[in-house]
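Every number in this text was worked out from the coordinates using simple rules, so none of it is lab data. Every value quoted in this text rests on a predicted model; they were computed, and no experiment measured them. Don't worry about glycine lacking a Cβ; one is built from the backbone with ideal geometry, like all the others, and counts go over all protein chains shown.
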Amino acid sequence: MVMHTELTEIETECNICHNKLTLIVPTEGFEAWMKGEYVQDALPMLNPAERELLISGTCEPCFDSLFGEEN
């Protein structure tokens, strides 16, 4: 039996540079995040930069320019 995971497409835009990015995530995880689950628990397949974009609306290059790169 093949199980299919329903997916949700999230269109995001950086609040600083206005670069647009589309993320495709499992609907179940997206809904869990929207209901208050931590994004890293609800959507573990996203990398830290993608999660930050969802949380703060800031893309990785802009975040790094604002706060410096992590060493």
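Would it be correct to say that THR27 is closer than 17 Å to GLU6 by Cβ and touching a Ser or Thr at 6+ places or on another chain (Cβ under 6 Å)? Steps first, answer last, please.
Values: closer than 17 Å to GLU6 by Cβ: yes; touching a Ser or Thr at 6+ places or on another chain (Cβ under 6 Å): yes.
Yes, satisfied.
Could you list all residues from region 25-57 that are outside any helix (DSSP H, G or I) and without any contact (Cβ under 8 Å) to a residue 24 or more places away in the chain?
The answer is VAL25, PRO26, LYS35, GLY36, GLU37, TYR38, LEU43, PRO44, MET45, LEU46, ASN47.
Please work out if ILE10 is in contact (Cβ under 8 Å) with a residue 24 or more places away in the chain and either touching a helix residue (DSSP H, G or I) at 6+ places or on another chain (Cβ under 7 Å) or surrounded by 13 or more Cβ atoms within 10 Å (Cβ to Cβ) (or both).
So ILE10 passes the test.
Take region 14-24 and flag every residue that is loosely packed, with under 13 Cβ neighbours inside 10 Å and either in contact (Cβ under 8 Å) with a residue 12 or more places away in the chain or within 30 Å of HIS4 (Cα to Cα) (or both).
Scanning region 14-24 gives ASN15, CYS17, LYS20, THR22, ILE24.
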